[in-house]
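Peer 1: Before we start, here is the structure in question, set down as structure tokens.
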Amino acid sequence: MKKKILAALLVMTMLVGLLSGCGASGKSKIKITRALFNLEAVDEAQVKKVQDAVNAYLKEKGCNFEVAITEINSGEYVEKAGNAVASKEVNILWTASWEEGKIKTSALVSNGMVKDITKLLPDTALYKSMDQGQWEATKFDGKNYFVPVYKDNVEGYDLMYRKAVLDKYNFDVTSVKKLTDLEPLLKQCKDGGLKYPMLLQKAALFWRFYIDKFDFFTGETESNFVAVDRASDSVVFTLDTPEYKEYANIIADWREKGYVHEDEYTKVVTDTTTQSDLWGVSWWTDTPNNAEANNRYGQEVVINPLTERWAHSNSALGSCYCITANTSDKMAKQCIEFLGLLYTDKKLADLYTYGIEGEDWKLDANGQVEKMGKKYNHSMWESVSALVITPEAGSPADFAGAYKQFNGTAKTSCAAGFRFDFSSVSAEYTACKNLHAEYGFLLETGGVAKADVDAKIAEYKKALQDAGVQKVIDAFTEQYNKFKAGK
Amino acid sequence: MANTKAKKAEQVINAPVSAKKKNSLWYNTKKNMPFVIFALPAFLVLFFIMYVPMGGIIMAFQDFKPMQGFFGSRFVGLENFKFLFTSKDVFYRMTRNTIMYYFIFTLLGTFLNIVLAIALDQFVFKKVGRLMQTVMIVPIFISYAAVQFIVYAFIASDTGLINKVLGTSTSFYAKPGYWIVILTIVKIWNSVGYGSVLYMSVLAGIDTTYYEAAQIDGANKWQQIWHITLPSLVPMITVMLLLSVGNIMRSDTGLFFQVTRDSGALYDTTQVIDSYVLHAIINSPEYGFTAAASLFQSTVGLVMMLIANATVRKISPDNSLF
Amino acid sequence: MGKEKIVVKDKVRIKPGQFVLGFFLLIYTLFCLLPVLLVFIVAFTSEAAISANGFSFFPEEWSLDGMHSVLKYGTQLITSYGVTIFIVVVGTLTGLLIMSMYAYSISRPGFRLAKFLSIYLLIPMLFNGGQLSGYIVFTGYYHLKNSLLLLILPLCVTTMNVIILRTYIVNSIPAELMEAAKIDGANEYRTFFGICLPLMKPSLAAVGFMMATAYWNDWQNAVLYIDKNAKKPLQLLLYNIQKNIDFLLNNNNVPQAVRDAMGGTIPKNAATMATVVVVIAPIMVAYPFFQKYFVKGLTVGSVKG
């Protein structure tokens, strides 16, 4: 009797194993991993629903593959997606140049985790869905690894003012050509009792506000000590430049005068502060639809440019997909086919981004998307091309056109297309970046008293020298000269 | 005491067999087979959960690329350890802080654990004592992610409770000097109630006849504590201290990263090795760096533990770990 | 003081020292209590009041938004509580059993493998292969993704707990008892399960308490290995909010779009405190019940005969 039971159990286990291993249809399953920018946890049941709907649609279209979608919360994305990619569990990964750790675009390339799809792209629907400039801008060493999400792929920064404040003090925003022009307004805000006349949103902004002078090709604030100076078209150590001193001094001065609050450098400012009436002026990343700021912040704000718009090496990688190196050529072709469909088929794009119509979203009177609930909560910028998707409520009527025009008015940086390789100076580069938190961040957010700014900059420079920054700069200079020669 | 008695008893039970046979490991194991079986389940769990993944340590010496795996990645010797040492000042500071906090937390923490355990044990109103103990245990369940908000509530410069009560406006988040005290207080709040439970269990295991005898001899409470209670706690204290030495180079990242909000202004007294390593995870794509740092921490811990264990073995062999 | 009677239980006489002791204990209790109280109050405070005035014991405006952002998980909360309780119970009982067996075996004099087993036990406490290595082994080789085993096993056997149990066996359980049993003809199994284990109650209670705490608090393993809603323990569900808030706090380079997508309408501070309330409230309610047995377990050893 025991033996029979055992045998039966064995057979059952084998059957279960067989069934689960194989999959009902024998089609290839493309595993997609994407991030969820929500505060709540991922609702795995809803994701499965959407995944099934997508697969049903793919079947309808006659594709011979299916997808398996995994969503990971943004807070754990670096860790979990990184682990998943490293253990070869993923085929298509969403990522960005500003993500951290192992899934940053530059890290993925340097670790060899992404597939070179240069040869697989030409003549595909995906390739034709975006202009060549986008593909060129995302190349690494002449090879295509990433599929950019077509959105506002250029970089420009604006100053943002609360309308209530502007009206109160009758301030003319066009009078502001540089940061110090803000001071009269900030003074009035301070005297009027505002807690945050200038709201930095606890961000170190040297690498944003000064993009008219420098191309910060590393794409992150921790390494803003190195950049390409546009005027001289060469790699510079930014801490030696007058601009850095100027910015640090402005912020320190504003800190002393009370325009910049202590909460900035102690990282106390919350993201709901922008929705309150405690601030006067802040900053905003230029997008084709600046009017959405009003919705985001729950109040009327006025936006005015501070810098020009630039097309950098990293701006097109603000949100992109990549195919992992463990994906076979055959499946990679299918991945490209899927992405091509995603970038050209409106129905799929809406499904993939917003979820199930009627459950997660519905169309409003203007034919734009109104989201219902937060179970499956994605946006265009991290999903699909702006050219194909149904825009969300509050967007300009010609959504695709607005984006095309926006991207078209940018200046191309002299360093566009430059990719730096830090593997030869990896230890020094990491050590230098680790110094940002205690020096650079404080200098740029008001953590240093005005009298100490020069001393602190000197200290920062010394610490960087000790960590080996000269080696890093020399390496980048050499690479940049090679890049220039090859242009 | 129990050990020597056991030894004597064992000699009685194990009547002499042929000398050669008795000394072989194989014979000894066979004879003690039940003990082997007792150890087996935990042995297997440790093997599959801890030992198999331990192979990952090799990443510390490799230019690890996931696609090439552990066997295919290039060997780079001690290269990966460089990032820890390139900034000598930073290395010195974070090591100094790590060790300093280790001593403060371990010594002060153990002392307070014991004091609290004895205090609760001696307290006559048991019901009240139990209620108080429930409250003291709750902090361990509050994650540091939430604790950072509470700490902020107390020490914020304008709206913080301490500043409001004292009428001052000290900017705690800007001055590193205060943080040795702040972090210690937070650590104590979080862990002493919980940590005292272990010592209470030891106290409960003390034979009451000793106390009775001491009382008959006229000893007062303090003398009883000094001569009976404390010595009974020594084995557990020794063992816990020995175990903790192994982690001398590791820190509670929640405390040092989240409660301090990773504020650079405070690094002078709050940057420990683990916060530096956490930054490296965020800032660098190298797998080898964190593996190297971890190996460094483990090795130093091992050396310290061997030294400490050898010292204890000289003084009182019964209490050493091995 | 005057001559004591030979009655040991000094119940009748309450010395003044007790009040001093009580006073200090009370101070420490308040020290622990105040922040916890603050957590509860803030969980029910409106976010607007917090932005303007910070945390306060006497908030200007109350609100249920914080609790709502946590309670809206609805039935998922109940599932997660169930998962956590299951893990705590199964993990603690299993761990106590196999660890005390191991501790017993390495405490046996004359057992030459004991030294090897002790060292075998100590090494994992010092050396570990790193997160990625564990991930590859557990999901790639063992195929245990989404399995509750990965939430139970890693915390099941820990060096510290085994050593604590061993220390207790060596120091508090007289060898004569075991030898007496052997002479009476009991085999090793009977000796351990029948005599040693019952006598280990105090340390089992203490170690069990520490294990239960570790299981209740564990979030790391769940983050890495659990995706399915039905298997999510409590911490995973709730600390997502905190982890995501941290993400915004610490990542300097996130684009505006991310900040706005996550800025949303969640009352950050109140919601964070609400998650703490949901995690510790059951403990504060249930612990007094268990405390009875726990204290009994702890003090069992004091009755020797």
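Every number in this text was worked out from the coordinates using simple rules, so none of it is lab data. Model, not experiment: these values are computed from the prediction. Counting neighbours? That spans all protein chains shown, and the Cβs are built from the backbone with ideal geometry, glycine included.
Peer 1: In whole Hz and in residue order, list the ³J(HN,Hα) couplings for the stretch A:61-66 that follow from phi through the Karplus curve 6.51 cos²θ - 1.76 cosθ + 1.60, θ = phi - 60°; x for Gly and Pro.
Peer 2: 7, x, 7, 9, 9, 10
Peer 1: Taking N as the number of residues in chain A, what value does Rg over Cα atoms divided by 2.2 N^0.38 Å take?
Peer 2: 1.08
Peer 1: Tabulate in residue order the Karplus-calculated ³J(HN,Hα) for the stretch B:127-134, using 6.51 cos²θ - 1.76 cosθ + 1.60 with θ = phi - 60°, rounded to whole Hz; enter x for Gly and Pro.
Peer 2: 5, 4, x, 5, 4, 4, 5, 4
Peer 1: Taking H placed 1.01 Å from N in the peptide plane, check which residues at least 5 places from A:K411 or on another chain put their amide H under 5 Å from its amide H.
Peer 2: A:R309, A:W310, A:A311
Peer 1: Counting other C-beta atoms within 10 Å, which of A:K347, A:K330 has the fewest, and how do the rest follow?
Peer 2: Listing A:K347, A:K330 from fewest to most nearby Cβ atoms yields A:K330, A:K347.
Peer 1: A further question on this structure: Hey, quick one: spin label on A:K178, modelled 7 Å out along Cα-Cβ, who in the stretch A:221-239 has an amide N within reach, i.e. under 14 Å?
Peer 2: Within reach of a label on A:K178: no residues.
Peer 1: While we're here: Evaluate the relative contact order of chain A (contact order divided by residue number), counting alpha-carbon pairs under 8 angstrom at least 6 apart; express in whole percent.
Peer 2: 22 percent
Peer 1: Another question about this same structure. For the stretch B:86-319, place one equal point scatterer on every Cα, skip the solvent, and apply the Debye formula. What is log10 of I(q)/I(0) at q = 0.12, 0.15 Å⁻¹?
Peer 2: -0.84, -1.13
Peer 1: Could you work out the per residue convex hull volume over the alpha carbons of the stretch A:390-462, in cubic angstrom?
Peer 2: So the per-residue Cα hull volume is 231 Å³.
Peer 1: Quick one: what Rg and Dmax do you get for the stretch B:47-141 from the alpha carbons, in Å?
Peer 2: Computed over the Cα atoms of the stretch B:47-141, radius of gyration and Dmax are 23.3, 66 Å.
Peer 1: Hey, with R₀ at 45 Å, roughly what FRET efficiency would A:A164 and C:L144 work out to, going by the Cβ-Cβ distance, to 0.05?
Peer 2: After rounding, the FRET efficiency stands at 0.20.
Peer 1: Based on alpha-carbon centroids, what's the gap between the stretch A:414-468 and the stretch B:235-276 in Å, whole number please?
Peer 2: Distance between centres, Cα-based: 26 Å.
Peer 1: Rounded to whole Hz and in sequence order, give me ³J(HN,Hα) for the stretch C:120-137 from the Karplus expression 6.51 cos²θ - 1.76 cosθ + 1.60, θ = phi - 60°, writing x for Gly and Pro.
Peer 2: 4, 6, 7, 4, x, 6, 8, 10, 9, x, x, 5, 5, 4, x, 4, 4, 5
Peer 1: How large is Rg over Rh for the protein assembly as shown, taking Rg from the Cα atoms and Rh as the Kirkwood inverse mean of 1/r across Cα pairs? Can you show the working numbers first?
Peer 2: Details: Rg = 31.8 Å, Rh = 32.2 Å.
Here the Rg-to-Rh quotient is 0.99.
Peer 1: I need the per residue convex hull volume for chain C, using only the alpha carbons, in cubic angstrom as a whole number.
Peer 2: Per-residue hull volume (Cα only) is 218 Å³.
Peer 1: Send over the Kirkwood Rh of the stretch A:105-181, from the inverse of the averaged 1/r over different Cα pairs, rounded to one decimal Å.
Peer 2: Taking the inverse mean of 1/r over all distinct Cα pairs, the stretch A:105-181 comes out at 16.3 Å.
Peer 1: Please state the relative contact order of chain C as a whole percent: Cα pairs under 8 Å, 6+ residues apart?
Peer 2: Details: 259 pairs, mean separation 91.2, N = 305.
So the answer I get is 30 percent.
Peer 1: If you don't mind, another one. With each label point set 7 Å from Cα along the Cα-Cβ vector, what nm distance links C:E61 and B:F322?
Peer 2: 6.1 nm
Peer 1: Please report C:I41, C:I14, A:I389 as a ranked list, fewest other C-beta atoms within 10 angstrom at the top and most at the bottom.
Peer 2: In order of increasing Cβ crowding within 10 Å: C:I14, C:I41, A:I389.
Peer 1: Using a 7 Å offset from the Cα along the Cα-to-Cβ direction at both B:W26 and B:T208, what is the distance between the two label points in nm, to one decimal?
Peer 2: 5.3 nm
Peer 1: For A:A227, list long-range residues whose amide hydrogen, built 1.01 Å from N in the peptide plane, is under 5 Å from its own amide hydrogen.
Peer 2: Sorted by chain and number, the residues that satisfy this are A:V236, A:T238.
Peer 1: Which chymotrypsin sites (Phe, Trp or Tyr not before Pro) from the stretch A:237-327 combine a DSSP loop assignment with at most 11 other Cβ atoms within 10 Å? Could the numbers behind the result be given before it?
Peer 2: Numbers: sites: A:F237, A:Y244, A:Y247, A:W254, A:Y259, A:Y265, A:W279, A:W283, A:W284, A:Y297, A:W310, A:Y321; in loops: A:Y259, A:Y265.
Those that pass, being in a loop and sparsely packed, number zero.
Peer 1: Starting from the amide H of A:N73, placed 1.01 Å from N in the peptide plane, find each other amide H under 5 Å away whose residue is 5 or more places distant or on another chain.
Peer 2: Placed amide hydrogens put A:L36, A:V42 under 5 Å from A:N73.
Peer 1: If R0 is 22 Å, what FRET efficiency do you get for B:Y92 and A:E459 from their C-beta distance, rounded to 0.05?
Peer 2: The pair B:Y92/A:E459 has a calculated efficiency of 0.90.
Peer 1: Let me ask something additional. Rounded to the nearest 500 deg cm²/dmol, what is the calculated helix-only ellipticity per residue at 222 nm for the protein assembly as shown, with -39500 (n - 2.57) per DSSP H run of length n ≥ 4? List each step's numbers first, then the result.
Peer 2: Numbers: 50 runs with 596 residues, N = 1114.
When only DSSP H runs of four or more count, the value is -16500 deg cm²/dmol.
Peer 1: Inside 10 Å of the C-beta atoms of B:155-166, what's the mean count of C-beta atoms belonging to other chains?
Peer 2: If you average over the peptide's residues, the count of other-chain Cβ atoms is 3.
Peer 1: Another question, if that's okay. Between B:A265, B:A145, B:A39, which gets the highest mean-square fluctuation from a Gaussian network model of chain B, Cα cutoff 10 Å?
Peer 2: B:A39
Peer 1: Using a Gaussian network model of chain C whose springs link C-alpha atoms within less than 10 Å, name the residue from C:F24, C:F111, C:F193 with the highest mean-square fluctuation.
Peer 2: C:F24
Peer 1: Report the residues of the stretch A:223-240 in range of a label on A:E308: point 7 Å along Cα→C-beta, backbone N strictly under 16 Å from it.
Peer 2: A:228-234
Peer 1: Return a whole-number percent for the relative contact order of chain B, with Cα pairs under 8 Å and 6 or more residues apart as the contact set.
Peer 2: Relative CO of chain B lands at 25 percent.
Peer 1: Using the beta-carbon distance between A:D141 and C:K228 and R0 = 35 Å, what value does 1/(1 + (r/R0)^6) give for FRET efficiency, to the nearest 0.05?
Peer 2: 0.30
Peer 1: I want to verify a result. In a Gaussian network model of chain C, Cα cutoff 10 Å, which of these has the top mean-square fluctuation: C:L71, C:L121, C:L132?
Peer 2: In this elastic network of chain C, the residue with the biggest mean-square fluctuation among C:L71, C:L121, C:L132 is C:L132.
Peer 1: Give me the inter-chain shielding for C:97-107: mean count of other chain Cβ atoms within 10 Å, whole number please.
Peer 2: 5
Peer 1: Starting from the Cα-Cα distance between A:E246 and A:T412, subtract it from 0.36 nm times their residue separation and give me the gain in nm to one decimal.
Peer 2: Values: separation 166, 0.36 × 166 = 59.76 nm, distance 2.58 nm.
This chain segment gains 57.2 nm when fully extended.
Peer 1: Would you mind ranking A:C335, A:C414 so that the residue whose beta carbon has the fewest other beta carbons within 10 Å leads the list? List each step's numbers first, then the result.
Peer 2: On the way: A:C335 28, A:C414 18.
With the sparsest Cβ surroundings first, the list reads A:C414, A:C335.
Peer 1: Hey, could you pull the Cα Rg and Dmax for the stretch A:180-265, both in Å?
Peer 2: For the stretch A:180-265, the Cα radius of gyration and maximum Cα-Cα distance read 14.5, 45 Å.
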